[in-house]
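One structure is given here, and the rest of the page talks about it.
The values are calculated or read from the model by the stated rules, or taken from the named source; none is laboratory data. Please read all numbers here as calculations on a predicted model, not as lab measurements. A quick note on method: Cβ atoms are made from the backbone with ideal geometry, for glycine too, and the neighbour counts reach across all protein chains shown.
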Amino acid sequence: MSFPRRTPEGRPAFTLIELLVVIAIIAVLIALLLPAVQSAREAARRAQCTNNLKQIGLALHNYESSNTAFPPGGESTNFNVTPAASQFVDGGWSTLARILPYMEAGTAFNALNFNLAEYNDATGQNFTGATQVVAVFLCPSSTRSPDGGRDGPEPATWDGGLSAAMGGNGYGYNDYGPTVYVDISPLGVGGLGATLATPYRDKTTRANGMLKQGLTRIAEITDGTSNTIAIAEDAGRDPRYLSPYTEGYYNNVITRQAAMAVTNPFDPGPAGGYTPYRRYWRWAEPDEGYGVSGVPNNKYRPDHELSDWPVAPFVAQGNNAGNNDEIASFHPGGANVLFGDGSVRFLKDSVNPVTLRGLVTPNGGEVISSDQY
């Protein structure tokens, strides 16, 4: 018969080996529990992201009820040139800015003057409104650090040199955008504009998305609103992103707002000096609408315009690498998308690119079942 060891005071005690065994067991339990905790946290963040998109969908339908049509997507397509090209003919405002009064974001909306041509008008009248943080436009899973998130997420209005130039304020971010066109080949083969990141792209097959030029009426969505994507995640876009389009670009000709060639004190640019390029990642910017050229979450980097990718002459500015103007999220396995009927579904990374094309087009005539994505 054995008895516990006793200290000189007569109290039982653990041996060093026993203590090490207990510590090892605790470490194993923590290692087993940590993935479960992280998974639970991500599930909660994904649910919040889904809720954000549902609120945006409700606002879109409230807008449609008031105006008998959905709002324009900001960016749209000029089909009078070959190949078809992007244009900005619906004013200097995004879809998200237009639906603000329908989603309890009256503070930001009331601070904006839509009679001005641009959200970043040089008079500064829209600066207060456009720098508001709209929580519904931010996915809780995303990070948007200049170094890819390695030092943690930046503030929701971090804007490079602009934040310092404007007293710490920058334009508000967004993690969502209308899928305004698709140029994935309907044959599933590469063509004009195909890259390693978008191997099935063919610019000659470009087609409108649901939110296109002008107003879109429900009757135009002949594939059915439940089968057509309206808005999708494009989360964590680097604040150094520059669009390939300048703010003077209009329908293939740089004619609009020639005054933008001079310094705009309310948009000095990420380096402190004025840069007249559009910024995808601002919620008020019309270029937050984007085309779909590849499957979700392609893994190519870098995903901002300051570096070449992968080698010259392929530059990351506007080349659809990573989340640079493509469907992308920080959720494992896919991204959340909002359909035209207001429903939100999870689009898998493994979706067939031809199926994805059919989901973006509102009147392509494709028959797609939910188990295909």
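Within segment 70-87, work out how many residues are among the hydrophobic types (A, V, I, L, M, F, W, C), within 21 Å of residue 339 (Cα to Cα) and out of contact with any helix residue (DSSP H, G or I) (no Cβ under 8 Å at 6 or more places or on another chain). Walk me through it before giving the result.
To start, the set of residues in segment 70-87 that are among the hydrophobic types (A, V, I, L, M, F, W, C) comprises 70, 79, 81, 84-85.
Keeping just the survivors that are within 21 Å of residue 339 (Cα to Cα) gives 70.
Still in the running and out of contact with any helix residue (DSSP H, G or I) (no Cβ under 8 Å at 6 or more places or on another chain): none.
Matching residues across segment 70-87 total 0.
If you take just the helices (runs of 4 or more DSSP H) that sit entirely in segment 74-180, which of them hold at least 3 residues that are at pLDDT below 85 and aliphatic (A, V, I, L, M)?
Those helices (runs of 4 or more DSSP H) span 161-165.
Among the residues of segment 185-210, write down those that are under 24 Å from the mean Cα position of the chain (by Cα), touching a residue at least 12 places away in the same chain (Cβ under 8 Å) and farther than 12 Å from residue 361 by Cβ.
Within segment 185-210, 185, 193, 195, 196, 197, 198, 199, 200, 201, 202, 203 qualify.
Give the residue, chosen from 64, 18, that is out of contact with any Pro (no Cβ under 8 Å at 6 or more places or on another chain), in a helix (DSSP H, G or I), farther than 18 Å from residue 176 by Cα and modelled with pLDDT of 95 or more.
It is 64.
Tell me which of these residue 182 doesn't satisfy, since it passes every other one: (1) among the aliphatic types (A, V, I, L, M); (2) more than 20 Å from residue 235 (Cβ to Cβ); (3) in contact (Cβ under 8 Å) with a residue 60 or more places away in the chain.
Unmet condition: (2).
Of everything in segment 181-210, what is assigned to a loop (DSSP other than H, G, I, E, B), surrounded by 20 or more Cβ atoms within 10 Å (Cβ to Cβ) and either at pLDDT 95 or above or not hydrophobic (A, V, I, L, M, F, W, C) (or both)? Give them in sequence order.
183, 185, 198, 200, 202, 206, 209, 210 - these are the residues of segment 181-210 that are assigned to a loop (DSSP other than H, G, I, E, B), surrounded by 20 or more Cβ atoms within 10 Å (Cβ to Cβ) and either at pLDDT 95 or above or not hydrophobic (A, V, I, L, M, F, W, C) (or both).
Which members of segment 94-129 meet the condition of being of a type outside the set (Ser, Thr, Tyr), in contact with a strand residue (DSSP E or B) (Cβ under 8 Å, 6 or more places away or on another chain) and under 18 Å from residue 56 (Cβ atoms)?
Of everything in segment 94-129, just one residue is of a type outside the set (Ser, Thr, Tyr), in contact with a strand residue (DSSP E or B) (Cβ under 8 Å, 6 or more places away or on another chain) and under 18 Å from residue 56 (Cβ atoms), namely 96.
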